[in-house]
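Worksheet for the structure shown next.
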Amino acid sequence: QVQLVESGGGLVQAGGSLTLSCAASGSMSSINTMGWYRQAPGKQRELVATITRGGTTNRADSVKGRFTISRDNAKNTVYLQMNSLKPEDTAVYYCKANILARYGSGYRDYWGQGAQVTVSS
């Protein structure tokens, strides 16, 4: 059984920094793209950043220059370094990974449980 476990959320003042981590575990053959999404109260879930297995990244315009996504393929872990945080970054942050399970029939998306990030003004 494949699962994603997130850590690193919390409360921070505006201008501060946080780092989120998401580790994939279970019977896996391969992990393709990994990424972070967020959902603020009353809003739809939105893309924050993604990274391919080869390291190609994509970020939302709202976080460019402030957030950095990276991954450690040996640890099956993706990170989101968040700097210069703003109150509008407050949301539940979800990790997503496109994974081929060891006994699966193809790649499918798995989601983490979510990590609350709250930025106070």
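Would any residue of region 81-111 have its amide N under 16 Å from a label point 7 Å out along Cα→Cβ of residue 46? List them or say none. What the label zone holds, given the 16 Å backbone N cut-off, is 85-94. Over region 44-121, what percent of the accessible surface lies on carbon and sulfur atoms, probe 1.4 Å? The C+S portion of the solvent-accessible surface of region 44-121 is 44 percent.
Computed from label points 7 Å out along Cα-Cβ, the spacing between residue 17 and residue 109 is 3.0 nm. Computed on protein heavy atoms with a 1.4 Å probe, the accessible areas place 6, 46 in the order 46, 6, largest first.
Annotation: for a label point projected 7 angstrom from Cα along Cα→Cβ of residue 84, residues of region 1-40 with backbone N closer than 19 Å are 12-20. Rolling a 1.4 Å probe over the heavy atoms of the protein chains gives region 1-103 an accessible area of 51 Å² per residue. Residues 102, 71 ordered from highest to lowest accessible area at a 1.4 Å probe: 102, 71. The phi torsions of region 55-70, fed into the Karplus equation with coefficients 6.51, -1.76 and 1.60 and a -60° offset, translate into couplings of x, 6, 10, 9, 9, 5, 4, 5, 10, 4, x, 10, 10, 10, 9, 8 Hz, rounded to whole numbers, with Gly and Pro shown as x.
Ordering 47, 11 from largest to smallest accessible area (1.4 angstrom probe), what's the sequence?
Working: 47 60, 11 130 Å².
So, going from the largest accessible area down, we get 11, 47.
The alpha-carbon of residue 75 sits under 23 angstrom from the alpha-carbons of these lysines, leaving out residues fewer than 8 places away in its chain: 96.
Antiparallel beta bridges, as assigned by DSSP with both residues in the chain, represent about 90 percent of the total such bridges.
The values are calculated or read from the model by the stated rules, or taken from the named source; none is laboratory data. Everything numeric here is computed off the predicted structure, so don't read it as measured data. Ideal geometry is used to build each Cβ from the backbone, glycine not excepted, and the neighbour counts take in all protein chains shown. We work out accessible area using only protein heavy atoms, side chains counted, and drop any ligands, DNA or RNA first. Shrake-Rupley method; radii C 1.70, N 1.55, O 1.52, S 1.80 Å.
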